[in-house]
Every structure is written in structure tokens, then in C-alpha cells.
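Student: Can you read through this structure? Questions will come right after.
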Amino acid sequence: MHTQIRCLTILLLLLAASLASAATPDELSSAVTSNYRITIPGFFGNFKAIGNVLIPRREGLGVNRPSNLFKPNLVKNRQLVMAGGGDLPLGDGHGNRLKPGERLYLYGVSTGDTYLQLDLYTVATYVVPGMRGPQALQASVRFQYDNGLAALTTDQLLDDISDWFDTEEETRPAAKPRKAATATRTVRLGQTPEQVTAIFGPPEKQVLLGAKQVFVYSGLKVIFVDGKVVDAE
């Protein structure tokens with residue numbers, strides 16, 4: 001009898017410890033947004049705030065143009081079990097799968113009873129059939145937990161995310177001082193938004209006006225028409 005009581009006590013203590021270490025969905029979302037800054041889009045295609053850039057470590061994540069029919073990529077036990085995306089064609093500008101090293105903005109974090117989802121958009125833009133002007137592509141990733149988020153800790157979730165994504169700072173080699181680098185950076189006519197972003201980084205603001213696109217940096221404004229630089233001020 002005493003042995004049974006002792007075993008029951010131990011089980012209750014273990015259960016209490018497990019419940020104490022588990023996090024609520026709100027706490028999990030807060031942990032993600034504390035570790036990865038969110039990019040906040042503006043009303044006219046610009047940015048109110050630019051957050052961390054996430055970079056896939058592995059191949060296989062589905063990507064497509066933003067759509068209500070977009071399906072999230074499903075990750076369980078750190079393995080991709082279902083690629084997401086959509087059925088709309090992308091043309092020749094991009095395949096339907098992200099490659100390691102591509103750069104993504106984190107636009108949102110959402111949760112359900114058994115998952116936490118990251119909503120991502122490519123930093124680069126692409127000419128997509130049927131769409132006016134270059135478009136960023138969507139890549140949502142849903143981290144699924146069959147036992148529910150109630151059994152998950154923030155450390156476990158963040159480890160799962162970092163298993164799939166680097167941040168830009170983690171993948172870049174030790175950088176030279178930024179001021180020394182900016183002295184030789186130039187914009188040339190005919191460059192694409194991707195080429196300009198590779199030189200100057202993400203713009204502080206971005207404005208889309210039909211076929212015209214404007215990247216705004218501190219002290220510089222780059223104007224594209226049909227995906228090519230036509231002027232810089």
C-alpha cells in the first residue's frame with residue numbers, strides 16, 4: 001500500500017513539473033516574436049518595420065504567389081511531411097520550392113491547438129503571370145505537434161524553428177564595417193530588385209505603383225519600371 005502511494009505521489013510530481021514547464025500558445029507566440037522580429041507591411045506596399053530575415057537550411061518548402069488557397073508546409077518531428085504552396089503557375093522567375101539560402105521576411109505568427117505557423121514572404125520579388133508588377137512569394141510553415149501545444153516548451157519550439165531556419169546574421173561571415181562597404185556600392189541602370197537588394201540590403205520602404213516600383217533607403221531612392229532600374233535619386 002505504501003509503495004502504491006509513493007508511486008502515485010511521484011507520478012503527480014512529474015505531472016506537475018511537466019505542466020509547469022509547458023507554455024501557453026500566447027507564450028509560444030511571444031517567444032517567437034521575441035527571438036525573430038516581425039516585418040510589418042505598410043498600406044501602399046512599403047514597410048512600417050523590417051524584421052529579421054529567415055533563411056531555409058533545407059530544400060523542399062513549397063512557395064507560391066499569395067492566395068487564399070495557399071497551403072502551408074507541414075513539419076512534424078523536424079521533418080517536412082507535406083510541402084505547401086498552390087496550383088497557380090509562377091512562370092520562369094521561380095520554381096515552386098524554396099532553396100537553402102533564399103531570404104524570407106517573417107510577416108506573422110499564428111497558433112492552433114496543435115500547431116504554430118510562420119507566415120513568410122520572399123525578400124526578392126518576381127514577375128508572375130497575370131500579376132501587375134514584381135511580386136513577393138508566400139511560404140507559410142506550420143510546425144505540427146500531435147500532442148498539442150500544451151505539451152510543448154518554448155525551448156523545444158525555438159529549437160525546431162532553428163533546425164529549419166537560420167537568421168541572416170547567423171549565415172553571414174564576419175562583416176566588414178558597414179561604412180567602409182557603403183563607399184563602393186552603386187546602382188546601375190537595368191539592375192533588378194534582387195540585384196539592388198543584394199547590394200544595399202532590404203529597403204526601408206517599398207512602394208508599388210503598377211509597373212513602377214520604388215525602393216527607399218536612407219539618402220537614396222531607386223526606381224524600377226517592369227523590374228529594371230530606370231533612375232536613382
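Student: Please calculate how many Å² of accessible area the stretch 27-118 carries per residue, with a 1.4 Å probe and no DNA, RNA or ligand atoms counted.
Tutor: For the stretch 27-118, the per-residue accessible area is 52 Å².
Student: Here is a follow-up. I need the shape label for the stretch 29-147. Rule: rounded when a/c is under 1.5, else prolate if a/b > b/c, else oblate, with a, b, c from the alpha carbon gyration tensor.
Tutor: Taking the square roots of the gyration eigenvalues as a ≥ b ≥ c, the stretch 29-147 is oblate.
Student: Could I ask something else about it? Check cross-link reach from LYS205 to the aspartates and glutamates: straight Cα distance under 18 Å, and skip same-chain residues fewer than eight apart.
Tutor: Once the sequence-local aspartates and glutamates are set aside, what remains near LYS205 is GLU194, ASP231, GLU233.
The values are calculated or read from the model by the stated rules, or taken from the named source; none is laboratory data. Predicted model, so just to flag it, every value in this text is computed and none were measured. SASA here: full protein model, heavy atoms, side chains in, ligands and nucleic acids out. Shrake-Rupley method; radii C 1.70, N 1.55, O 1.52, S 1.80 Å.
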